[in-house]
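The next block holds one structure in the form of structure tokens; read it before the comments.
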Amino acid sequence: MESTQPLTAEAFRRACGRFATGIAVVTTLDAGGAPVGLTVNSFTSVSLDPPLVLFCLDRASQALPSFANANAFSINILEESQRDLSQRFAAREADRFAGLSYRLGTLGAPVLPGVLAVLECRRHAVLEGGDHLIFLGEVIAADAGDGQPLLYFGGRYRLLGM
Ligand SMILES: Cc1cc2nc3c(=O)[nH]c(=O)nc-3n(C[C@H](O)[C@H](O)[C@H](O)COP(=O)(O)O)c2cc1C
């Protein structure tokens, strides 16, 4: 990089978009026991001891009250064939869980079928993060398969090239 420029929204988006991530669907139950979830790429592992992870949730998200009131959530890490699930959980569907045979995990939060890995979390803290809230979770249970991940880079879905 030869030089940096004063920040514009476009420069910020472009630079952040150069950080390749996986894709996860975070899930919980609302106050009435209905499943709630959305696609995120802001998942990060934070601490080994205690085992902590985080994701960032837009303050404008319809899912915010459900996550703010729930004691538990699941991080469902998507497998390469699950682009449709990523799109479904990012769209304004009436019921994103319609027709999905999810199960409820150890802490009661939904676990999606066929995912590459799942981390079941107890809510540890919620931190201020500008126009997002940062949800820190303590991982209580986890499982991982041997498949390949769905990736996101430069605003597009990608597959691992090896
Ligand atoms: C690849 C991808 C990554 C996303 N990452 C996040 C994220 O980290 N945090 C977030 O709040 N929304 C994220 N979104 C947006 C949500 O999936 C969803 O579109 C948005 O929350 C609108 O629906 P809602 O109002 O029901 O939450 C992402 C969307 C896509 C397609």
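The values are calculated or read from the model by the stated rules, or taken from the named source; none is laboratory data. For clarity, every value in this text was computed on a predicted model and none was experimentally measured. No Cβ is skipped: glycine too gets one built from the backbone with ideal geometry, and neighbour counts run over all protein chains shown. Note: areas computed on protein heavy atoms with side chains; ligands, DNA, RNA excluded. Shrake-Rupley method; radii C 1.70, N 1.55, O 1.52, S 1.80 Å.
Within the stretch 64-73, is there a residue that is among the aromatic types (Phe, Trp, Tyr), under 30 Å from residue 160 (Cβ atoms) and away from the ligand (no atom under 12 Å from the Cβ)? So far as the stretch 64-73 goes, yes, one or more of its residues are among the aromatic types (Phe, Trp, Tyr), under 30 Å from residue 160 (Cβ atoms) and away from the ligand (no atom under 12 Å from the Cβ). Taken over the stretch 140-158, the criterion of being farther than 15 Å from residue 115 by Cβ and either open to solvent by 80 Å² or more (accessible area, probe 1.4 Å) or in contact with a helix residue (DSSP H, G or I) (Cβ under 6 Å, 6 or more places away or on another chain) (or both) is satisfied by 156, 157.
Please report, ordered by residue number, the strands (runs of 3 or more DSSP E) entirely within the stretch 41-136 with at least 3 residues that are touching a His at 6+ places or on another chain (Cβ under 9 Å) and crowded, with 16+ Cβ neighbours inside 10 Å.
52-58
With respect to being in a helix (DSSP H, G or I) and either farther than 16 Å from residue 151 by Cβ or of a type outside the set (Asp, Glu) (or both), residue 2 falls outside the description.
Selection of first residues in the stretch 106-120 that are touching a residue at least 24 places away in the same chain (Cβ under 8 Å) and of second residues that are assigned to a loop (DSSP other than H, G, I, E, B) and aromatic (Phe, Trp, Tyr), restricted to Cβ pairs under 7 Å at least 6 apart or on distinct chains, gives the following pairs, ordered by first then second residue: 110/102; 111/102; 112/102.
Looking for something buried (at least 19 other Cβ atoms within 10 Å of the Cβ), out of contact with any helix residue (DSSP H, G or I) (no Cβ under 7 Å at 6 or more places or on another chain) and within 15 Å of residue 111 (Cα to Cα) - is there at least one such residue anywhere in the stretch 10-26? Outline the logic, then answer.
Going residue by residue through the stretch 10-26, those that are buried (at least 19 other Cβ atoms within 10 Å of the Cβ) are 23-26.
Checking which are out of contact with any helix residue (DSSP H, G or I) (no Cβ under 7 Å at 6 or more places or on another chain) leaves us with 24, 26.
From what's left, within 15 Å of residue 111 (Cα to Cα): 24, 26.
For the stretch 10-26, residues buried (at least 19 other Cβ atoms within 10 Å of the Cβ), out of contact with any helix residue (DSSP H, G or I) (no Cβ under 7 Å at 6 or more places or on another chain) and within 15 Å of residue 111 (Cα to Cα): present.
Among residues of the stretch 43-65 that are more than 11 Å from residue 121 (Cβ to Cβ), those with a beta-carbon under 7 Å from a residue that is of a type outside the set (Lys, Arg) and loosely packed, with under 13 Cβ neighbours inside 10 Å at least six positions away or on a different chain give the pairs 58/131; 59/131.
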